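Have a look at the structure that comes next, please.
Taken together, the values in this text are just the output of simple stated rules run on the coordinates, not laboratory data. Model, not experiment: these values are computed from the prediction. Counting neighbours? That spans all protein chains shown, and the Cβs are built from the backbone with ideal geometry, glycine included.
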Amino acid sequence: MKNRYNRYRDTSPPELNITAFMNLMVILVPFLLITAVFSRITILQLNLPEGSSAALKDLKKEMHLEILVRKGYLDVGTREGGRIKCFKATEEGHDYKSLSELIQQIKLRVPDKKNITLLAETDTSYEILVHLMDSSRSLKQTQGLSVVDAELFPNISIGDAPPLNPAQQKAGCPQ
């Protein structure tokens, strides 16, 4: 005989209580999003300076902009034309603002050019190289109400500075 309780028993599956799981997600997702911003890594693509080969000689003549980094000065010039301007270092360090202004003027003259070469002495600090790359790669400009990065010379090559002969050591950076 059937029990009267068995006759009215609910046979549908029970509901899952996911309240605790949803509370965990509400806390965990914003935490992961906030911490992900601080772990962002920026990678710059750097190249070796161009060498001289038969294939490169066949290319049309173009300007090769270089920044030569010495202990007491920054020397901006081209391989073909020589020195454009020299910036003597002060007690505070190199004048990156003046360097950036000169690079902006050069970019206005050759807007299609994207390559620049940094030639540094072996004892040049990493901080100086980062400042030089930032000064020559892009520029912060305001457009309307927002600040955007304007492209200067994004393709950066890094190489060793040529050794100085005794006459060049005495001359340094003429003002």
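Let's test the formula: R0 of 25 Å, r as the Cβ-Cβ distance of D149 and E91. What FRET efficiency results, to the nearest 0.05?
For R0 = 25 Å, the calculated efficiency reads 0.25.
Grab the other residues whose beta carbon is less than 9 angstrom from that of A89, score K and R as +1, D and E as -1, and report the net.
0
What residues have an amide H closer than 5 Å to that of L118, excluding those fewer than 5 places away on the same chain, when H is modeled at 1.01 Å from N in the peptide plane?
Residues meeting the amide H criterion: I67, S157, I158, G159.
Once amide H atoms are built 1.01 Å from N in the peptide plane, which residues 5 or more positions from Y73, or in another chain, come under 5 Å H to H?
The answer is A89.
Across the range 90-102, in residue order, what do the Karplus-derived ³J(HN,Hα) couplings come to in whole Hz, using 6.51 cos²θ - 1.76 cosθ + 1.60 with θ = phi - 60° and x for Gly and Pro?
Here the 3J(HN,Hα) series is 9, 5, 7, x, 6, 8, 6, 5, 5, 4, 4, 5, 5 Hz.
Using the number of other C-beta atoms within 10 angstrom as an exposure proxy, rank R79, R137 with the fewest first.
Listing R79, R137 from fewest to most nearby Cβ atoms yields R79, R137.
Among 106-112, 82-88, 15-21, how do they line up from the highest to the lowest mean number of other beta-carbon atoms within 10 Å?
Top to bottom by mean Cβ count within 10 Å: 82-88, 106-112, 15-21.
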